[in-house]
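Here is the structure we will look at.
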Amino acid sequence: MAMDALLELLKKNARESDATLAKLLGISEQEVRARIAAYEQEGVIRGFQALLNTDRLDTHDVRAVIELRIRPEHEGGFDRVAARISKFPQVESMYLMSGAYDLLLFVKGASLQEVANFVSARLAPLDGVLSTATHFMLKTYKDQGVLMESEPHDDRLQVCP
Amino acid sequence: MTTDSKSAPDFVAPHVRSLPKSGIRDFFDIVAGRKDVISLGIGEPDFQTPWHIRERAIEALERGATRYTSNLGTPELRQTLAAYMRQSFQCDYDWQHEILVTVGVSEAFDLAIRAVLSPGDEVLYHEPCFVAYAPLIRMAHGVPVPVETFRKDNFRLTVAELEKKVTPRTRVLLLNFPNNPTGATLDRADTEALADFAIRHNLLVISDEVYSELTYEGGRHSMAAIPRLRDRLIFLNGFSKAWSMTGFRLGYACAPAPLTDAMMKIHQFGMMCASSISQTAGLEAVRHGDKAIAEMRDSYHLRRNFVVASLNGMGLDCFMPRGAFYVFPSIQCTGLSSKEFALRLLNEYNVACVPGDAFGACGEGFLRCAYATGMEPLKEAMDRMRTFVSSFVH
């Protein structure tokens, strides 16, 4: 089933005003507010964040993708270990995967050393973790469907038939 | 040197010299070069051509598929278009004899009109309309006969108005729905009535349905879906609008074999064939473009809601158009002419819209606003228009 048009619009621009959303969807502003509140209540909308091109920021944060193989447990499979790992604030995103490894982690640290320490001192020793493979990210080209370098500007003729 | 030596302007044929320049062109010259203009004057999608289509064009270049094709267009593309016509409008066109791939719908229209008109033949067409029709009819030595459409009818073409203008010299009824510049569409009863009218007066119908895929409500009602019209219909469509492929210059015509053959004669001498690279891209577009089209259509649909609500909210009366990406609000409440309104909006608020009279005299009192532009500029444009209009409307 297609996603609700309101969610599609918020995915594209979470800062769109209620008034504009109402006009786009042909509903009242009150209804827009009520539906967003309902989605928050149901846990469908989990938050609103800015999408940053961190390459343009003067930070030295380091990001890495970590593949983790873990031992499933009799009751609960991967969920208990996964829940523990996801609580580390260094872990920005985490997914259970099919294929050669089980968990895929997106991790942030202040330096290469810090991320390496996190892997060797915190993740690898965890009971149930069988192996880790760490890949450092060098450059972001696209994130959440958004190109990090701006698209070419609008070069259409200013008036045409 | 003789006394009646000619200079360059004298070489221009009288019927070309007398051809007026497009009203859009006039306005383009005023807007061109100005900085920071938000333009709602662009009859072209703001979306980039979907990547998978561009990727196929690149691949065609890599493969070296850069030769002439059959005059009619590549067999693969024509076969695929025949299947598209069947699926979209339940009509059967033989890909070998009844489909011609052209350089945009504009060429297809030019071919159609030149193939069927004798000097002095009259062509009924509705105004406000796309700027190219009347000039091309004239270049084919035909007589353009405009038929007004009205706000009260949501700019649908009515048989009552047609009956007032039809004469024994009328040969062709030209249709363009969904319509540029009004966004008007036809419903089933309209297409049936127009078909009856054409048959009653023994006319050929040329139907330019380039905005057909951009229909938001009420269903797509094509003249091609009316079997009894088949023998007297030239159906035109193209890739520019729905697939966002303007620069590829790709269109096509579907018509009974004798008509297709007549158009092909002119096309083979004048154009040879449409760009081979564009044809490869077009094939990809028809075969695999449905999802991309749907996403763009959904986006236009929402923007249309926004623009219509905004315009009506600021006091500019505007019906809810069901197709294309234009709205055609009335600016009569301001007391300004279309040109005055558009010029002042441009000079004072840096927003460009095309005056309605550029699309025919009966477009006076209206403005064409294209919403094929991003939400941020669209919002800003509506804010500026609101400020401008509020100085007239209380």
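How many of the residues making up segment B:355-394 are more than 17 Å from residue B:36 (Cα to Cα), of a type in the set (Lys, Arg) and assigned to a helix (DSSP H, G or I)?
Going through segment B:355-394 one residue at a time, the tally reaches 1.
Within segment B:282-335, take every residue that is more than 23 Å from the chain's Cα centre (by Cα) and of a type in the set (S, T, N, Q) and give me the one that is nearest to residue B:364 (Cα to Cα).
Among residues in segment B:282-335 that are more than 23 Å from the chain's Cα centre (by Cα) and of a type in the set (S, T, N, Q), the one nearest to residue B:364 (Cα to Cα) is B:332.
What are the residues in segment B:326-350 that are in contact with a Ser or Thr (Cβ under 8 Å, 6 or more places away or on another chain) and in a helix (DSSP H, G or I), if any?
B:341, B:349
Being surrounded by fewer than 23 Cβ atoms within 10 Å (Cβ to Cβ) and within 14 Å of chain A (Cβ to nearest Cβ) narrows it down to one of B:146, B:135, so name that one.
It is B:135.
Does at least one position in segment B:200-207 carry a residue that is touching a strand residue (DSSP E or B) at 6+ places or on another chain (Cβ under 6 Å), more than 14 Å from chain A (Cβ to nearest Cβ) and assigned to a helix (DSSP H, G or I)? Give the derivation first.
Filtering segment B:200-207 down to residues touching a strand residue (DSSP E or B) at 6+ places or on another chain (Cβ under 6 Å) leaves B:203-207.
Imposing the further condition that a residue be more than 14 Å from chain A (Cβ to nearest Cβ) reduces the set to B:203-207.
Among the residues that remain, those that are also assigned to a helix (DSSP H, G or I) are: none.
No, the conditions are met nowhere in segment B:200-207.
If residue B:218 satisfies all but one of (1) in contact with an Asp or Glu (Cβ under 8 Å, 6 or more places away or on another chain); (2) closer than 25 Å to residue B:304 by Cβ; (3) crowded, with 18+ Cβ neighbours inside 10 Å, what's the number of the condition it fails?
Exception for residue B:218: condition (3).
Please go through (1) closer than 25 Å to residue B:374 by Cβ; (2) modelled with pLDDT under 95; (3) in contact with a Phe, Trp or Tyr (Cβ under 7 Å, 6 or more places away or on another chain) for residue A:50 and return the number of the only condition it doesn't satisfy.
Going through (1) closer than 25 Å to residue B:374 by Cβ; (2) modelled with pLDDT under 95; (3) in contact with a Phe, Trp or Tyr (Cβ under 7 Å, 6 or more places away or on another chain) one by one, residue A:50 breaks only (3).
Hey, can you tell me all the residues within segment B:263-285 that are surrounded by fewer than 17 Cβ atoms within 10 Å (Cβ to Cβ) and among the hydrophobic types (A, V, I, L, M, F, W, C)?
If the condition is that a residue be surrounded by fewer than 17 Cβ atoms within 10 Å (Cβ to Cβ) and among the hydrophobic types (A, V, I, L, M, F, W, C), then B:266, B:269, B:271, B:272 are the ones that fit.
Quick one: which residue in B:73, B:41, B:104 is under 25 Å from residue B:206 (Cβ atoms) and within 14 Å of chain A (Cβ to nearest Cβ)?
Every option except B:104 fails the conditions.
For segment A:74-161, give me every one of the strands (runs of 3 or more DSSP E) that falls completely inside it and has 2 or more residues that are closer than 30 Å to residue B:39 by Cβ. Please lay out each step first, then the result.
Numbers: elements: A:91-96, A:103-109, A:129-136.
Per the criteria, no element qualifies.
Of all residues in segment B:42-58, count the ones that are under 25 Å from residue B:370 (Cα atoms) and either touching a residue at least 12 places away in the same chain (Cβ under 8 Å) or among the β-branched types (Val, Ile, Thr) (or both).
Applying the first criterion (under 25 Å from residue B:370 (Cα atoms)) to segment B:42-58 yields B:42-51, B:53-54.
Next, only the ones that are either touching a residue at least 12 places away in the same chain (Cβ under 8 Å) or among the β-branched types (Val, Ile, Thr) (or both) stay: B:42-50, B:53-54.
Selection size over segment B:42-58: 11.
Looking at the structure I just gave you, is residue B:50 modelled with pLDDT of 90 or more, more than 26 Å from residue B:136 (Cα to Cα) and within 14 Å of chain A (Cβ to nearest Cβ)?
Yes.
From the list B:13, B:32, which residue is exposed (fewer than 15 other Cβ atoms within 10 Å of the Cβ) and either at the interface with another protein chain (Cβ under 9 Å from one of its Cβ atoms) or under 30 Å from residue B:382 (Cβ atoms) (or both)?
Step by step, each of B:13, B:32 is checked, and only B:32 is exposed (fewer than 15 other Cβ atoms within 10 Å of the Cβ) and either at the interface with another protein chain (Cβ under 9 Å from one of its Cβ atoms) or under 30 Å from residue B:382 (Cβ atoms) (or both).
Hey, among the residues in segment B:310-323 that are assigned to a helix (DSSP H, G or I) and crowded, with 19+ Cβ neighbours inside 10 Å, which one's nearest to the other protein chains (Cβ to nearest Cβ)?
Taking the candidates together, the pick is B:310.
Loosely packed, with under 11 Cβ neighbours inside 10 Å and either on the phi < 0 side of the Ramachandran plot or touching a residue at least 12 places away in the same chain (Cβ under 8 Å) (or both): is that true of residue A:48 in this structure?
Working: loosely packed, with under 11 Cβ neighbours inside 10 Å: yes; either on the phi < 0 side of the Ramachandran plot or touching a residue at least 12 places away in the same chain (Cβ under 8 Å) (or both): yes.
Spelling it out, residue A:48 is indeed loosely packed, with under 11 Cβ neighbours inside 10 Å and either on the phi < 0 side of the Ramachandran plot or touching a residue at least 12 places away in the same chain (Cβ under 8 Å) (or both).
Answer with yes or no whether residue B:352 is within 14 Å of chain A (Cβ to nearest Cβ), buried (at least 24 other Cβ atoms within 10 Å of the Cβ) and either over 24 Å from residue B:146 (Cβ atoms) or polar (S, T, N, Q) (or both).
Considered against the rule, which asks whether it is within 14 Å of chain A (Cβ to nearest Cβ), buried (at least 24 other Cβ atoms within 10 Å of the Cβ) and either over 24 Å from residue B:146 (Cβ atoms) or polar (S, T, N, Q) (or both), residue B:352 comes out as yes.
Between A:44, A:81, which is modelled with pLDDT of 95 or more and of a type in the set (A, V, I, L, M, F, W, C)?
That would be A:44, the only listed residue that is modelled with pLDDT of 95 or more and of a type in the set (A, V, I, L, M, F, W, C).
Under 7 Å between Cβ atoms, which residue pairs at least 6 apart in sequence (or on different chains) link something in segment A:52-72 that is under 13 Å from residue A:139 (Cβ atoms) with a partner that is surrounded by fewer than 16 Cβ atoms within 10 Å (Cβ to Cβ) and among the acidic types (Asp, Glu)?
Taking only residues 6 or more apart or on different chains, the pairs are A:54/A:61.
Can you find a residue that is exposed (fewer than 11 other Cβ atoms within 10 Å of the Cβ), under 30 Å from residue B:30 (Cα atoms) and hydroxyl-bearing (Ser, Thr, Tyr) anywhere in segment A:80-103?
Within segment A:80-103, none of the residues are exposed (fewer than 11 other Cβ atoms within 10 Å of the Cβ), under 30 Å from residue B:30 (Cα atoms) and hydroxyl-bearing (Ser, Thr, Tyr).
So for segment B:109-128 (the condition being within 18 Å of the chain's Cα centre (by Cα), β-branched (Val, Ile, Thr) and part of a loop (DSSP other than H, G, I, E, B)), does at least one residue qualify?
Within segment B:109-128, not a single residue is within 18 Å of the chain's Cα centre (by Cα), β-branched (Val, Ile, Thr) and part of a loop (DSSP other than H, G, I, E, B).
Return the pair list, or none, for Cβ contacts closer than 6 Å from residues in segment B:175-186 that are at negative phi and within 14 Å of chain A (Cβ to nearest Cβ) to residues that are among the small types (Gly, Ala, Ser) and in a loop (DSSP other than H, G, I, E, B), at least 6 apart or on different chains.
Close Cβ pairs satisfying both conditions: B:180/B:324.
List every residue pair whose Cβ atoms sit under 7 Å apart, with the two residues 6 or more apart in sequence or on different chains, where the first one lies in segment B:138-154 and is in the same structural domain as residue B:123 (by TED's automatic domain parsing) and assigned to a loop (DSSP other than H, G, I, E, B) and the second, anywhere, is surrounded by fewer than 15 Cβ atoms within 10 Å (Cβ to Cβ) and not β-branched (Val, Ile, Thr).
So the pair list comes out as B:141/B:119.
Would you please name the residue that is nearest to the chain's Cα centre (by Cα), looking only at residues in segment A:141-160 that are acidic (Asp, Glu) and within 11 Å of chain B (Cβ to nearest Cβ)?
Here the answer is A:151.
If the Cβ limit is 7 Å and pairs must be 6+ apart or interchain, which residue in segment B:79-107 that is farther than 21 Å from residue B:270 by Cα pairs with which residue that is part of a strand (DSSP E or B)?
Once the first residue is farther than 21 Å from residue B:270 by Cα and sits in segment B:79-107, its partners that are part of a strand (DSSP E or B) give B:81/B:99; B:81/B:252; B:82/B:99; B:85/B:254; B:93/B:99; B:93/B:254.
The values are calculated or read from the model by the stated rules, or taken from the named source; none is laboratory data. Because the structure is a prediction, the values reported are computed rather than measured. In this analysis, Cβ positions are derived from the backbone assuming ideal geometry, glycine residues included, and neighbour counts consider all displayed protein chains.
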